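Read the structure below first, then the notes.
The values are calculated or read from the model by the stated rules, or taken from the named source; none is laboratory data. Remember, it's a predicted structure, so these values are computed and weren't measured experimentally. Using ideal geometry, Cβ is built from the backbone for each residue, glycine included, and neighbour counts are taken over all protein chains shown. Quick note on the areas: whole protein, heavy atoms, side chains included, nothing else; ligands and nucleic acids left out. Shrake-Rupley method; radii C 1.70, N 1.55, O 1.52, S 1.80 Å.
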Amino acid sequence: MANGDRQETAYMAVRVARLYYFQNMTTAAIAEEIGTSRATVSRLLSFALDRGLVEIRVHDPQEVSGNLESAIAERYQLRSIQVVPVSAAASEKETLQRVAGHAAAYVSSLVAPSTVIGLAWGTTVAEIADKLLPKQVHDVDVVQLNGSGTGLNFVNTFGESIVSRFAQNYGARAHHFPVPAFFDYADTRTALWREKSIKSIRALQDSASILLFSIGAEATGSHVHTGGYLSDEERAMIRAEGLVGDIATMFFREDGSWRDIALNARSSGPDMDCFQRAAHSICVVSGKGKIPGLRAALQGGFINELVIDEPSARLLVEQIRAADGREPNP
């Protein structure tokens with residue numbers, strides 16, 4: 001769908017949503033008013049929900065998203081926690097789409113003139129790119145945080161495509177990072193990092209006010225583990241050393257430590273200090289398999305804003321309470 005078509009659809013979806021939710025009009029009445037079919041009205045309402053244009057909260061005294069957000073905030077000092085309502089029976093695909101739609105709307109609300117956005121490629125961030133609604137903003141830069149080339153193919157367009165889609169959405173400048181995800185030798189990375197062209201990209205990464213990423217985890221079929229980036233020996237080493245996740249191909253342990261991990265010396269990802277400095281270090285989580293890595297990343301202080309699906313948030317809170325020796329909520 002072209003940008004103009006998507007923007008027109010968004011305008012229509014908002015108009016229909018206002019009539020349906022604010023004016024309490026039926027779909028039949030809305031269809032008659034705007035001169036379309038009831039089926040089209042239903043599709044526009046679904047579009048508004050999926051893209052985060054409309055949020056519905058059910059205020060259940062037993063447990064609401066706000067309670068989960070508060071429980072997470074008790075443990076971790078985050079500037080923003082957003083729990084996305086998703087049914088426990090929802091499929092992995094549906095859950096990802098809901099979370100990505102919410103994250104896309106939130107990120108767009110943060111993008112202002114002269115913003116630098118840093119992106120760590122992956123399935124979740126790719127889905128967020130699909131959910132973006134066009135918004136032209138002056139003087140925005142979008143930079144790739146880590147290389148996506150593999151040992152067999154130096155140039156891999158997966159990461160570059162995500163950066164290009166974000167840049168196109170905001171009318172921004174795209175800055176790709178055409179290096180391997182992992183170098184064969186740490187010395188090669190050290191030498192390349194001295195090049196002026198690479199220094200300029202890394203300086204832009206370091207200046208980003210918005211960093212957008214998810215947690216890479218073997219249990220969830222992360223692209224890092226399934227896309228040919230790691231050898232069998234490296235995957236065995238990750239398990240043997242107790243590395244529970246990665247952000248932008250930089251791995252960390254359960255306690256959040258990362259500096260002395262050998263694989264990180266060959267990674268093209270930024271030092272994790274970068275995530276601790278950014279104004280908006282936004283982690284988007286869809287799926288319970290990411291919880292061990294998420295807890296480690298939170299422990300390491302790599303995240304200051306979290307967008308997470310409700311079932312995963314509930315599991316995170318249960319684990320927090322178990323670690324504290326408290327009874328879980330019924």
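When we measure straight from the Cα of Lys288, which lysines land under 30 angstrom away, once same-chain ones fewer than 8 places off are left out?
Hits, sequence-local ones excluded: Lys93, Lys131.
Working from Cα positions, state the angle (0 to 90°, nearest 10) between the long axis of helix 196-207 and the longest principal axis of the chain.
Relative to the chain, helix 196-207 is tipped by roughly 50 degrees.
Can you tell which of Ala203, Ile238, His223 lies farthest toward the positive end of the dipole of region 202-241, using +1 and -1 charges on the Cβ of basic and acidic side chains (Lys, Arg; Asp, Glu)?
It is Ala203.
Out of the trypsin sites (Lys or Arg not before Pro) in region 206-285, which ones are loop residues according to DSSP with at most 16 other C-beta atoms within 10 Å?
Working: sites: Arg235, Arg239, Arg253, Arg259, Arg266, Arg277; in loops: Arg259.
The qualifying sites are Arg259.
Which entry is the computed volume of the Cα convex hull per residue in Å³ for this structure: [x] 145; [y] 174; [z] 114?
[x]
Which percentage, to the nearest 5, of the DSSP beta bridges contained in the chain is antiparallel?
Working: 6 of 30 bridges.
In the chain, DSSP labels about 20 percent of beta bridges as antiparallel.
May I ask for the angle, rounded to the nearest 10°, between helix 65-75 and the longest principal axis of the chain, with both axes built from Cα atoms and the value confined to 0 to 90°?
Relative to the chain, helix 65-75 is tipped by roughly 30 degrees.
For a quick check of understanding: with a 1.4 angstrom probe and all protein chains in place, what accessible area in square angstrom does Leu119 have, to the nearest ten?
0 Å²
Could you pull out the GluC sites (Glu not before Pro) across region 217-292 that fall in loop regions by DSSP (anything but H, G, I, E, B) with no more than 16 other Cβ atoms inside 10 Å?
On the way: sites: Glu218, Glu233, Glu234, Glu241, Glu254; in loops: Glu241, Glu254.
Passing both the DSSP loop test and the Cβ count: Glu241, Glu254.
About the Cα centre, and with charges only on the beta carbon of Lys, Arg (+1) and Asp, Glu (-1), how big is the dipole of the chain? Nearest 20 debye, please.
It comes to approximately 560 debye.
Among the trypsin sites (Lys or Arg not before Pro) in region 21-57, which ones are in a DSSP loop with at most 16 other Cβ atoms within 10 Å of the Cβ? Mind listing them? Before the final figure, lay out the partial values.
On the way: sites: Arg38, Arg43, Arg51, Arg57; in loops: Arg51, Arg57.
Sparse-neighbourhood loop trypsin sites (Lys or Arg not before Pro): Arg57.
Taking the 0 to 90 degree range and rounding to the nearest ten, how far is the long axis of helix 291-300 tilted relative to the main principal axis of the chain, both from C-alpha atoms?
It works out to around 70 degrees.
Give the longest segment of the chain that steers clear of chymotrypsin sites (Phe, Trp or Tyr not before Pro) in DSSP loops with at most 15 neighbouring Cβ atoms within 10 Å, not counting the sites themselves. Could you put the intermediate results ahead of the total?
Working: sites that count: Phe154, Tyr185, Trp193.
Result for the longest clean stretch: 1-153.
Kindly give the semi-axes, whole Å and largest first, of the ellipsoid equivalent to region 65-173, taking each as the square root of 5 times a Cα gyration tensor eigenvalue.
Here the semi-axes work out to 27, 19, 14 Å.
Just to make sure I understand: if all protein chains stay in place, what is the order of Lys290, Lys196, Lys135 by accessible area at 1.4 Å, largest first?
On the way: Lys290 20, Lys196 175, Lys135 70 Å².
Greatest to least solvent exposure: Lys196, Lys135, Lys290.
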